[in-house]
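Visitor: Attaching a single structure in structure tokens format; questions to follow.
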Amino acid sequence: MLPEIADSLDFQKLRFERRLQRERAARLEAEAIAERGLRELYEKQRQLELLETIATASNLSTSIEDAFDLAIKEVCRFMDWPLGQAYIVDRGGQDPRLEPSHVRYATDEDALRPMIKATTAASFARSEGLPGRVFASATPIWLKCLATDRNFPRADAAAACGIHSGMAFPILVGREVAAVVEFFSYTEQEADTELLTLLGHIGIQLGRVIERKQAEDRLIHDASHDGLTGLPNRLLFGDRVDRAVARAKRTFDEYCAVLFIDLDRFKLVNDSLGHAAGDDLLVEIAQRLNGVLQRHSTAHTLARLGGDEFTVLLEELDSPDKAMQIGELLIDALRTPILIDGQEIYAGASIGVANITGTEQSPATVLRNADLAMYSAKSLGRGRVELYDTGLHHIAVERLRLEGDLRRALTNNEFILHYQPIVSLETHDIVGFESLLRWQRGPQDIVLPGDFIGTAEDTGLIVLIGGWVLGEACRMLASLQARYPRPEPLTMSINISPRQFMQPDFIEQVRRAVLTSGVEPCSVRLEITETVAISDPERTILVLAALREFGVRISLDDFGTGYSSLNYLHRLPVDALKIDRSFVARLGLTVEGTQIIRTILDLAENLKIDVVAEGTEQEGQIRKLTEMGCHFAQGYYFSKPVASADIEALLGSSTSLSAETN
Ligand code: C2E
Ligand code: MG
Ligand code: MG
């Protein structure tokens, strides 16, 4: 072969071999890339599967523990790490702490015992140890070498099990860390950022489980609790009573009782100071009641049934009297005034007690009995505790019937007014009348206010009835003034109930009645009691001032029987005091009896207001009152209250009365 040809062949072979080499290298590289890509793809696939498994399980799980349990197990398997542990944030104490939960995964409990023991005995503050640091930073943390870490208190235990690396991530609800999970590995492992991102996603999934559970718990709580006070509501209370009644049927050595609490003056506060003040009052009352129960009872449920009705279920009582004693303590707790909007409010309560005896009752009966006892406490004078007895049932039925009858009486025009003269002690002339409500139930059946006014007040019917009284009394006054003209026109005193006075449009009602009748406002006298005056002094003063501005006069009725409003009487714009007849009755009988009347007369003189003595029955009383300088009197001595038709006889011939004419 020619040397040139041989050279050229060698050269070509060389080129060919080089090309082959290059191609092999390129193929190897391509293969390596493909393999790496596949591996990455495979890894991604595994990660996705893990995330999916955990997400699905989280969505399906009904308990937080189940979801955590599965997630920890799956993560351990995925990473081939032997130990995983969950911690829950406990916010009960002063500073929140991470407490180990019993949700844990360990491939070999025996081999890992030292670490498990150290973990279960631990509890971590913020920034303390691995979980504490995750808690503080709310981000995942990876510790490659536990033995050299300065903030890993369980290093000895980890070393004893041959654990080298650890990692933990937070479970977030919103931005708050609700839990932390940690994992440990036998081999020393570099931090894997991709893995940490994945675990972050798992943390979010598990956070959603907690969130969902919290929302469910809230729903359940809301359905069974009162929104304002946070106390159990009617539903939950009924349930507890149910169980107490069932238990009482089985056991005989412990006593249970239900207390029904009704606030004496809540409606007044609510109507006068507004709902926000009413709400504040209820919250404060709930706290006071709770305070007493915490101190004096071992097992109780305090509930708010709605409005101003609170109930208590007392269990594990050592004697049947204990419920009454606790009732007294609850009343005491409400005796001290409560400060709302800078005003002192005396809430006061009436309590009914029904013992659960286990012989008869359904839960509804127990509650009804306590309610009846409460009504009886109220009617016996408020601020008391009454025990249910079977007679009360009868009374309650009567009360209900009365309420129905009163409603009918109003539509059937069965209410009438009687009039009792008010007489000048100087001249014995009739200066005016007090209108007194009567219920004409039948031709011969006249019911006095004492028998129905309480129920009318409780049910709110008094507002309608009182409105009618205002109009009717003013009409009568106009007619009397027209028939019996005087230099000093006759006056009409009209009783105003507390509930009526609290109506937001009360002033307007009075104006309308007076203007419609055409009488001069100054001949109308509104009688209010001290209860009205004391319940909300500031508003009372404003309303009274507006009424006087309009021209009507104000009398303080039954003076001396209520709370003593002496200390702020000077601020109260009133024109007259009516001395209650209980004081007049004691006049001349005892030194004190006389002294009290003298004090009232002195007081009135100082304040330059009139005094009317109520319930004067005897000549001696008239004499004494005149001597003492009392201006006016009203009572059987002069005349009983009479029907409108009989006024003629009083005013017709002479207007001067020296003794009762009928
Ligand atoms: P009150 O305003 O103090 O009325 C005086 C009560 O004493 C009347 O009783 C009257 O009949 C009675 N009385 C008068 N003189 C004598 C007497 O010499 N001896 C005795 N033992 N009693 C005498 P009544 O008519 O039964 O009314 C009782 C209460 O009912 C009234 O006390 C008043 O608080 C309330 N009342 C009466 N009418 C109305 C009304 O229209 N609206 C409201 N809200 N309450 C009314
Ligand atoms: Mg009166
Ligand atoms: Mg009176």
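What follows draws every value from the coordinates through simple rules; no lab data is involved. Fair warning: this is a prediction, and the values are worked out from it, not measured in the lab. Cβ atoms come from the backbone with ideal geometry, glycine included; neighbour counts cover every protein chain shown.
Visitor: Per residue of the range 444-459, what does 6.51 cos²θ - 1.76 cosθ + 1.60 with θ = phi - 60° give for ³J(HN,Hα)? Whole Hz please, x for Gly and Pro, Karplus curve as stated.
Guide: 10, 10, 9, 9, 7, x, x, 8, 9, 5, x, 5, 4, 5, 4, 8
Visitor: Only four residue types carry charge here, +1 at the Cβ of Lys and Arg and -1 at the Cβ of Asp and Glu. Report the dipole size of the range 59-146 about the Cα centre in Debye, rounded to the nearest 20. Before the final figure, lay out the partial values.
Guide: Working: 10 positive and 12 negative charges, 67 e Å.
Rounded to the nearest 20 debye, it is 320 debye.
Visitor: Would you kindly state how much longer the chain becomes between ALA6 and GLU316 on full extension, computed as 0.36 nm times their sequence separation minus their alpha carbon distance, in nm to one decimal? Could the numbers behind the result be given before it?
Guide: Details: separation 310, 0.36 × 310 = 111.60 nm, distance 11.66 nm.
The span from ALA6 to GLU316 would gain 99.9 nm if fully extended.
Visitor: Nearest 0.05, what FRET efficiency do ILE204 and SER224 give at R0 = 35 Å with Cβ-Cβ as r?
Guide: Numbers: r = 31 Å, r/R0 = 0.88.
The formula returns an efficiency of 0.70 here.
Visitor: In nanometres, what is the gap between the two model label sites at ARG22 and THR599, each 7 Å from Cα along Cα-to-Cβ?
Guide: If labels sit at ARG22 and THR599, their model points lie 12.5 nm apart.
Visitor: Then there is this: In percent, how large is the relative contact order of the chain, given Cα pairs closer than 8 Å and 6 or more residues apart?
Guide: On the way: 1082 pairs, mean separation 50.3, N = 662.
Computed over the chain, the figure is 8 percent.
Visitor: Here's something else I'd like to know. Between LEU589 and THR516, what is the spin-label point distance in nm, taking each point 7 Å from the Cα along the Cα→C-beta axis?
Guide: For the pair LEU589/THR516, the computed spacing is 4.3 nm.
Visitor: Can you tell me the FRET efficiency between ARG295 and LEU38 if r is taken as the Cβ-Cβ distance and R0 is 60 Å, rounded to the nearest 0.05? Numbers along the way, then the final one.
Guide: On the way: r = 73 Å, r/R0 = 1.21.
Once the sixth-power term is evaluated, E becomes 0.25.
Visitor: If packing is taken as the mean number of other Cβ atoms within 10 Å per residue, what is the order of 335-345, 288-298, highest first?
Guide: 288-298, 335-345
Visitor: Please list 3J(HN,Hα) in residue order for the range 601-607, calculated via the Karplus relation 6.51 cos²θ - 1.76 cosθ + 1.60 where θ = phi - 60°; whole Hz, with x for glycine and proline.
Guide: Rounded to whole hertz, the list is 5, 4, 4, 5, 5, 4, 7.
Visitor: Quick check on packing: order 186-197, 273-284, 311-322 by the mean number of other C-beta atoms within 10 Å, highest mean leading. Don't skip to the answer; put the middle values down first.
Guide: Values: 186-197: 13.1, 273-284: 16.5, 311-322: 18.2.
For the peptides 186-197, 273-284, 311-322, the packing ranking is 311-322, 273-284, 186-197.
Visitor: Would you kindly derive the ³J(HN,Hα) couplings of the range 485-494 from the backbone phi angles with the Karplus curve 6.51 cos²θ - 1.76 cosθ + 1.60 (θ = phi - 60°), listing them in order in whole Hz, with x for Gly and Pro?
Guide: Working through the residues one at a time gives x, 9, x, 9, x, 4, 10, 10, 9, 10 Hz.
Visitor: Among LYS44/LYS117; LYS213/LYS249; LYS44/LYS144; LYS267/LYS578; LYS44/LYS213; LYS249/LYS322, which pairs are too far apart, with a Cα-Cα distance over 29 Å? Write out the running numbers ahead of the final one.
Guide: Numbers: LYS44/LYS117 35 Å; LYS213/LYS249 36 Å; LYS44/LYS144 23 Å; LYS267/LYS578 27 Å; LYS44/LYS213 31 Å; LYS249/LYS322 20 Å.
Among LYS44/LYS117; LYS213/LYS249; LYS44/LYS144; LYS267/LYS578; LYS44/LYS213; LYS249/LYS322, the Cα-Cα distance tops 29 Å for LYS44/LYS117; LYS213/LYS249; LYS44/LYS213.
Visitor: Applying 1/(1 + (r/R0)^6) with R0 = 45 Å to the Cβ-Cβ distance of ASP95 and ASP242, what FRET efficiency is obtained, to the nearest 0.05? Before the final figure, lay out each step's value.
Guide: Details: r = 40 Å, r/R0 = 0.89.
So, using R0 = 45 Å, E works out to roughly 0.65.
Visitor: Using mean Cβ contacts within 10 Å as the protection proxy, how do 213-222, 493-502, 448-457 order, highest first?
Guide: Working: 213-222: 11.3, 493-502: 22.4, 448-457: 16.3.
Result, highest mean Cβ count within 10 Å first: 493-502, 448-457, 213-222.
Visitor: Still on this structure, please answer the following. Taking 8 Å as the Cα distance limit and 6 or more residues as the minimum spacing, I'd like the relative contact order of the range 39-186 as a percentage. Walk me through the intermediate numbers first.
Guide: Numbers: 256 pairs, mean separation 32.6, N = 148.
For the range 39-186, the relative contact order is 22 percent.
Visitor: Mind putting a number on the dipole of the chain about its Cα centre? Charges go on the C-beta only, +1 for Lys and Arg and -1 for Asp and Glu, and I need it in Debye to the nearest 20.
Guide: Details: 70 positive and 97 negative charges, 132 e Å.
I would put it at about 640 debye.
Visitor: Sum -39500 (n - 2.57) across every DSSP H segment of at least 4 residues in the chain, then divide by the residue count to get the 222 nm mean residue ellipticity, nearest 500. Before the final figure, lay out each step's value.
Guide: Values: 23 runs with 335 residues, N = 662.
The per-residue figure over the chain is -16500 deg cm²/dmol.
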